[in-house]
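Asker: Before I ask anything, let me first share the structure, which is written out below as structure tokens.
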Amino acid sequence: MPHPENILVTGATGMIGAPVVRRAAAAGHHVRAVVRSGSDRRVLDGCDVEWVDSDLTNPNAAYQDAIRKSDVIVHTAAHVGDWGPVSTYRAINLDAVEDLLRFASGSDRLRRLVHLSALGVYQAKHHFGTDEATPVDLRGFDGYTHTKALAEGLVNAAHQKDGMPTVIARPGFTYGEGDRRILPRLMQRFRNGSIRMIGDGQRVLNNTNIDNLIDGLFLCIDHDAAVGETFNLRDERLVTRAEFLGAVADFLELPPPKRVPLWFAKVARPVLETYGRIRGADEPPLLTGATMKFMTLNLDFSIKKAKRLLGYQPRVDFREGIQDALKWAAENASH
């Protein structure tokens, strides 16, 4: 990466945005961190950044001006989850992406726009080495996957029609420092005894350590071969649900979860989801489509393309990474 550059990061205080900001600032770049007014910025304490206050669902002039001054844009902002109306996800995951691309269009200085997508855009079925040539599932099975898949279409169109130097990065289940959602929720379910292993637990998860992901994102920024491409990004070694849940249980010094037959979970899921929707529940039920995918499907996605074009080499193994992630969650998630 040439030095110095103007780098804009959306979702700058989030789990993925914050380490992008820290690494870019440490490398001597001028970083503009896009955040909502009043958001908690302590995660970037001590980091030399220029704050850009803007709600991406109602972008202001400061945000648009920052985009025009950027050499590199890393778009990590997203509404994540597996519950709630599609409209909630659409505002940030689709409409805000359309705005960003419109504001960046015609820029004479933009060198790279990295859009963070997700492996969830692939069809919700078993995967055994699925690569980027496989089409995404535009229907999705919830608001998150649906809007993420549609957003990729906007990003690809900006490159194909307008020549914008875009890259799409697709991580899987991302774990590590900064996770205030998945691991904390899982740890709480272990503590209250509501966690269950669905099936035999031998199918693999699409685990992506945060440090491996950040390495991959900067390779997308640095390599000209990345322009116009899409990359799956995950750990070198995928782990079974049994290893994943076992690691959490061991950390908490609790027994491994009891098992529930897969057939039972398949029957129970639509009942629980329907009941949750009827009563207008804000929190997802114990079983959702996303839960079933996370816990039961074989999610092996190929990273051969990232290795070949970018030199991507995931350096953190799950054994090491999950310990750091659990320690951080135990110390910080409730703060």
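The values are calculated or read from the model by the stated rules, or taken from the named source; none is laboratory data. Values in this document were obtained by computation on a predicted structure and should not be read as measured data. Neighbour counts are summed over all protein chains in view; Cβ atoms, including those assigned to glycine, are modelled from backbone coordinates with ideal geometry.
Asker: How many of the residues making up segment 17-55 are among the basic types (Lys, Arg) and assigned to a helix (DSSP H, G or I)?
Answerer: Residues meeting the conditions: 3.
Asker: While we're looking at this one, here's another question. Read through the list (1) in contact (Cβ under 8 Å) with a residue 60 or more places away in the chain; (2) basic (Lys, Arg); (3) part of a helix (DSSP H, G or I), then give the number of the only condition that Lys125 fails.
Answerer: Condition (3) is where Lys125 drops out.
Asker: Something else about it: Please give the number of the condition Leu150 fails out of (1) surrounded by fewer than 18 Cβ atoms within 10 Å (Cβ to Cβ); (2) out of contact with any Ser or Thr (no Cβ under 8 Å at 6 or more places or on another chain); (3) not hydroxyl-bearing (Ser, Thr, Tyr).
Answerer: Going through the list (1) surrounded by fewer than 18 Cβ atoms within 10 Å (Cβ to Cβ); (2) out of contact with any Ser or Thr (no Cβ under 8 Å at 6 or more places or on another chain); (3) not hydroxyl-bearing (Ser, Thr, Tyr), Leu150 breaks only (1).
Asker: Select from segment 153-167 the residues that are touching a Leu at 6+ places or on another chain (Cβ under 8 Å) and outside any helix (DSSP H, G or I) and write down the one among them that is surrounded by the fewest Cβ atoms within 10 Å (Cβ to Cβ).
Answerer: Restricting to residues being touching a Leu at 6+ places or on another chain (Cβ under 8 Å) and outside any helix (DSSP H, G or I), the top hit is Pro165.
Asker: When you go through Arg170, Arg139 one by one, which is the residue that is among the charged types (D, E, K, R) and part of a loop (DSSP other than H, G, I, E, B)?
Answerer: Just one listed residue meets the conditions, Arg139.
Asker: So, one more: Among Gly17, Gly28, Gly11, which is the only one that is surrounded by fewer than 22 Cβ atoms within 10 Å (Cβ to Cβ) and small (Gly, Ala, Ser)? Write out each step before concluding.
Answerer: Values: Gly17 fails: surrounded by fewer than 22 Cβ atoms within 10 Å (Cβ to Cβ); Gly11 fails: surrounded by fewer than 22 Cβ atoms within 10 Å (Cβ to Cβ).
Being surrounded by fewer than 22 Cβ atoms within 10 Å (Cβ to Cβ) and small (Gly, Ala, Ser) holds for just one of Gly17, Gly28, Gly11, which is Gly28.
Asker: Let me ask another. Answer yes or no: is there a residue in segment 178-194 that is buried (at least 19 other Cβ atoms within 10 Å of the Cβ) and β-branched (Val, Ile, Thr).
Answerer: No, the conditions are met nowhere in segment 178-194.
Asker: Quick one: which residue in Ser70, Ser107, Ser117 is touching a Leu at 6+ places or on another chain (Cβ under 8 Å), of a type outside the set (Asp, Glu), touching a residue at least 12 places away in the same chain (Cβ under 8 Å) and surrounded by 14 or more Cβ atoms within 10 Å (Cβ to Cβ)?
Answerer: Ser70
Asker: Continuing with the same structure: Are any residues in segment 123-146 modelled with pLDDT of 95 or more and surrounded by 17 or more Cβ atoms within 10 Å (Cβ to Cβ), and if so, which ones?
Answerer: His127, Thr130, Glu132, Val136
Asker: Does Asp99 meet the test of being acidic (Asp, Glu) and under 22 Å from the mean Cα position of the chain (by Cα)? Give the derivation first.
Answerer: Details: acidic (Asp, Glu): yes; under 22 Å from the mean Cα position of the chain (by Cα): yes.
It is true that Asp99 is acidic (Asp, Glu) and under 22 Å from the mean Cα position of the chain (by Cα).
Asker: Kindly evaluate Arg180 against the criterion of being within 15 Å of the chain's Cα centre (by Cα), more than 24 Å from Phe301 (Cβ to Cβ) and not in a strand (DSSP E or B). Outline the logic, then answer.
Answerer: Values: within 15 Å of the chain's Cα centre (by Cα): yes; more than 24 Å from Phe301 (Cβ to Cβ): yes; not in a strand (DSSP E or B): yes.
Yes.
Asker: Quick check on my filter: what residues within segment 1-45 are β-branched (Val, Ile, Thr) and in contact (Cβ under 8 Å) with a residue 60 or more places away in the chain? Walk me through how you get there before you give the answer.
Answerer: Filtering segment 1-45 down to residues β-branched (Val, Ile, Thr) leaves 7, 9-10, 13, 16, 20-21, 31, 34-35, 43.
Within segment 1-45, Ile7, Val9, Thr10, Ile16, Val20, Val43 qualify.
Asker: Separate question: I'm trying to understand the selection: among the residues of segment 11-51, which are over 22 Å from the mean Cα position of the chain (by Cα) and closer than 25 Å to Leu213 by Cα?
Answerer: Ala26, Ala27, Gly28, His29, His30, Asp45, Gly46, Cys47, Asp48, Val49, Glu50, Trp51
Asker: Follow-up question, since we're still on this one. Report, by residue number, each residue of segment 115-133 that is within 15 Å of Val167 (Cβ to Cβ) and in contact with a Phe, Trp or Tyr (Cβ under 9 Å, 6 or more places away or on another chain).
Answerer: Correct list: Ala118, Glu132.
Asker: Given the conditions (1) of a type in the set (S, T, N, Q); (2) surrounded by fewer than 16 Cβ atoms within 10 Å (Cβ to Cβ); (3) in contact with a helix residue (DSSP H, G or I) (Cβ under 8 Å, 6 or more places away or on another chain), which single one is not true for Ser37?
Answerer: Ser37 satisfies all of (1) of a type in the set (S, T, N, Q); (2) surrounded by fewer than 16 Cβ atoms within 10 Å (Cβ to Cβ); (3) in contact with a helix residue (DSSP H, G or I) (Cβ under 8 Å, 6 or more places away or on another chain) except (3).
Asker: Let me ask something additional. Which residue pairs have Cβ atoms under 9 Å apart, sit 6 or more places apart or on different chains, and have a first residue in segment 303-319 that is free of Cβ contacts under 8 Å to residues at least 40 places away in the same chain and over 17 Å from Asn209 (Cα atoms) and a second that is of a type in the set (Phe, Trp, Tyr) and in a helix (DSSP H, G or I)?
Answerer: As it stands, the answer is none, since no pair meets every condition given.
Asker: Do you know which of the residues in segment 266-319 that are at pLDDT below 95 and among the β-branched types (Val, Ile, Thr) is farthest from Asp200 (Cα to Cα)?
Answerer: Applying the filter and picking the extreme gives Ile278.
Asker: When you go through Val248, Val239, Val227 one by one, which is the residue that is under 30 Å from Asp162 (Cα atoms) and in contact (Cβ under 8 Å) with a residue 60 or more places away in the chain?
Answerer: Within the list Val248, Val239, Val227, the selection yields Val227.
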